[in-house]
Amino acid sequence: MDNQEDVIKLLIDFDKRAGSLDISELVEQTIKYIADKFSLSRLSIELFQDAPCGLLIRNVTEEVDGLNTGQLIPLSNERFIALKSQLAPNYCPSLADHCSDSVTMKRLAAGGIKSFFTIPLVMKGAVLGYLNAGSRKLDGIPENDRDLLLLIAPRLAQAIHNSMLYEKLHESDSKFKSLVNSIDDLIFVLDSNHRITAYYADKDQLYLKPEEFLGKRVSEIMPPDVAAKLEDAINRLKTGGRVEFEYSLNMNNKVSWYSISLSSIFDNGTYQGVAAVARDITEKKEIEFNLKKSEEIYNTILEDSYAGIVQINMEMEICYVNDNIVKLFGYSKEELIGENFLKFLDDDTAALMKIRMEMRKAGELLPPFVEMPITRKDGAVRWIENRTSIINKVNGERVSMSQMLDITERKEAERELIETLQRQDLVLNAVPLAFYTADPNNDMATTWISEQIEGLIGFKSEVLTTSNTFWR
């Protein structure tokens with residue numbers, strides 16, 4: 001070869017352009033260029049695949065020894081391990097003496113190749129593949145050409161290695177961009193000086209245009225209150241870890257809320273900067289605000305209600321009481337919350353309430369209210385009217401909502417009225433006169449008669465009080 005510098009320059013150029021050439025292009029262009037400089041019958045570069053299954057062969061011609069360009073040659077696992085560990089060049093001036101040692105050599109011999117020179121492409125102690133040269137003449141590869149191929153091999157290995165790295169980087173970057181594009185989060189990368197060096201986000205989501213924030217510190221572009229939080233978080237991350245917090249920004253005449261997670265970036269133990277992932281939580285915040293507002297209105301209604309309000313879970317534990325329940329039961333809220341409601345009932349009423357709760361759990365419909373006695377803290381018994389319904393809370397929990405009215409005075413009045421009527425019956429029935437009452441608004445229908453009338457006329461009171469024609 002007249003000018004060995006040309007090949008070296010070519011490989012240096014390939015090395016520089018590793019990011020723009022895939023491995024196939026790099027290998028094919030190298031073979032084409034070297035083949036023009038050498039008088040060889042065969043030139044190929046064989047590269048190992050990631051899986052131990054074979055060699056990828058690239059030839060100087062479209063077809064050599066029955067193998068097409070780019071064909072994968074199957075290898076046994078043992079053969080693969082042997083080739084991967086073969087670090088020394090191997091020159092066979094007479095292929096016939098060595099053809100039994102290699103499947104590849106047998107193929108070469110079948111193609112008329114008589115001398116063969118193979119150089120492992122080694123990078124960091126690992127064999128990436130082989131640079132192979134063949135001639136149809138015995139001892140047909142001159143020493144000068146062999147020396148030049150030995151000089152080319154390390155440069156070629158470096159170029160191939162770099163291309164492999166760029167391909168992996170490109171694949172990884174493509175996957176990362178696909179992942180980023182599939183989510184709505186905003187991702188930013190800051191260097192060790194807290195300057196924003198990269199971002200991955202839809203430009204419509206950004207607080208500022210990229211040209212306004214790239215290369216700048218957060219303190220230069222963010223509102224003071226947000227910048228202070230970010231700077232504090234970044235300073236804490238110099239030793240590792242992760243920091244999360246929420247912040248708001250005034251964007252397009254409205255307040256937008258974000259949740260941000262910042263993590264340290266280290267390379268070989270050296271702090272390189274911070275990765276920040278921000279998520280728009282404005283909708284969530286609006287829901288929380290509206291929910292809080294609704295809860296405030298709801299709680300105001302409960303607290304201002306004339307009735308006593310108590311929430312009881314499915315295990316009969318008290319979850320909430322308003323002030324009227326505190327007055328009714330005589331206990332503080334702290335004493336009532338978490339207590340079993342059955343504690344305040346007598347045995348018969350407690351048994352009834354257990355049955356009603358089991359029926360509600362089963363989805364059965366019950367009368368909406370029941371009258372029952374409860375025992376206050378001071379031991380006094382009060383009668384209440386209890387109206388109950390089942391509600392589902394925001395967290396999905398089912399609770400029993402009860403409105404309780406103190407009807408003790410009414411029950412006392414009813415008892416006194418019954419006792420009064422009973423006394424009147426006794427007096428009227430004891431007097432030797434016949435009495436009856438009739439409704440003038442209902443055609444003088446009989447409403448009550450004394451026992452003396454039954455004896456006087458021989459009719460039972462049931463007959464007389466169901467007829468309005470008897471007395472005509």
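The values are calculated or read from the model by the stated rules, or taken from the named source; none is laboratory data. Bear in mind that the values here come from a model prediction, so they are computed numbers and not experimental data. Neighbour counts run over all protein chains shown; Cβ positions are idealised from the backbone, glycine included. Surface accessibility is based on the protein's heavy atoms, side chains included, excluding ligands, DNA and RNA. Shrake-Rupley method; radii C 1.70, N 1.55, O 1.52, S 1.80 Å.
Structure values in brief
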item	result
Cross-chain or 6+ apart pairs with Cβ under 9 Å, the range 405-417 first and in contact (Cβ under 8 Å) with a residue 60 or more places away in the chain, then surrounded by 13 or more Cβ atoms within 10 Å (Cβ to Cβ) and small (G, A, S)	L405/A307; L405/G308; D406/G308
Criterion: on the phi > 0 side of the Ramachandran plot, modelled with pLDDT of 85 or more and surrounded by 13 or more Cβ atoms within 10 Å (Cβ to Cβ) - qualifying residue of G273, G241	G273
Lone unmet requirement of (1) at pLDDT 85 or above; (2) surrounded by 12 or more Cβ atoms within 10 Å (Cβ to Cβ); (3) touching a strand residue (DSSP E or B) at 6+ places or on another chain (Cβ under 8 Å) for E220	(3)
Selected residue [part of a helix (DSSP H, G or I), over 48 Å from the mean Cα position of the chain (by Cα) and under 17 Å from T30 (Cβ atoms)] from L156, L149	L149
Failed criterion for V310 (all others in (1) among the β-branched types (V, I, T); (2) part of a helix (DSSP H, G or I); (3) within 22 Å of K377 (Cβ to Cβ) hold)	(2)
Which listed residue is in contact with a Gly (Cβ under 8 Å, 6 or more places away or on another chain) and under 22 Å from T270 (Cβ atoms), from I196, I234	I196
Yes/no for A227 being within 14 Å of Y207 (Cβ to Cβ), assigned to a helix (DSSP H, G or I) and among the small types (G, A, S)	yes
Those residues of the range 378-414 which are part of a strand (DSSP E or B) and hydrophobic (A, V, I, L, M, F, W, C), in sequence order	V381, W383, I384, I390, I391, V399, M401, M404, L405
Residue in the range 360-372 that is exposed (fewer than 12 other Cβ atoms within 10 Å of the Cβ) and of a type in the set (G, A, S) present	yes
Residue pairs meeting the criteria (Cβ under 7 Å; at least 6 apart or on separate chains; first over 21 Å from A380 (Cβ atoms), in the range 345-368; second in a helix (DSSP H, G or I))	L366/R356; L366/M359; L366/R360
Conditions (1) small (G, A, S); (2) touching a helix residue (DSSP H, G or I) at 6+ places or on another chain (Cβ under 7 Å); (3) closer than 20 Å to K209 by Cβ; number of the one not met by S264	(3)
Residue in the range 131-140 that is surrounded by 13 or more Cβ atoms within 10 Å (Cβ to Cβ) and either at pLDDT below 65 or assigned to a helix (DSSP H, G or I) (or both) present	no
Selected residue (only one of I265, I337, I309, I281 is open to solvent by 70 Å² or more (accessible area, probe 1.4 Å) and aliphatic (A, V, I, L, M))	I337
Residue satisfying condition, being modelled with pLDDT of 75 or more, touching a helix residue (DSSP H, G or I) at 6+ places or on another chain (Cβ under 7 Å) and surrounded by 13 or more Cβ atoms within 10 Å (Cβ to Cβ), within set L121, L95, L149	L121
Test: residue in the range 250-257 that is within 18 Å of the chain's Cα centre (by Cα) and open to solvent by less than 40 Å² (accessible area, probe 1.4 Å)	no
Inter-residue pairs, beta-carbon under 6 Å, first touching a residue at least 24 places away in the same chain (Cβ under 8 Å) and in the range 263-292, second open to solvent by 50 Å² or more (accessible area, probe 1.4 Å) and among the aliphatic types (A, V, I, L, M), 6+ apart	Q272/I265; G273/I265; A275/I265
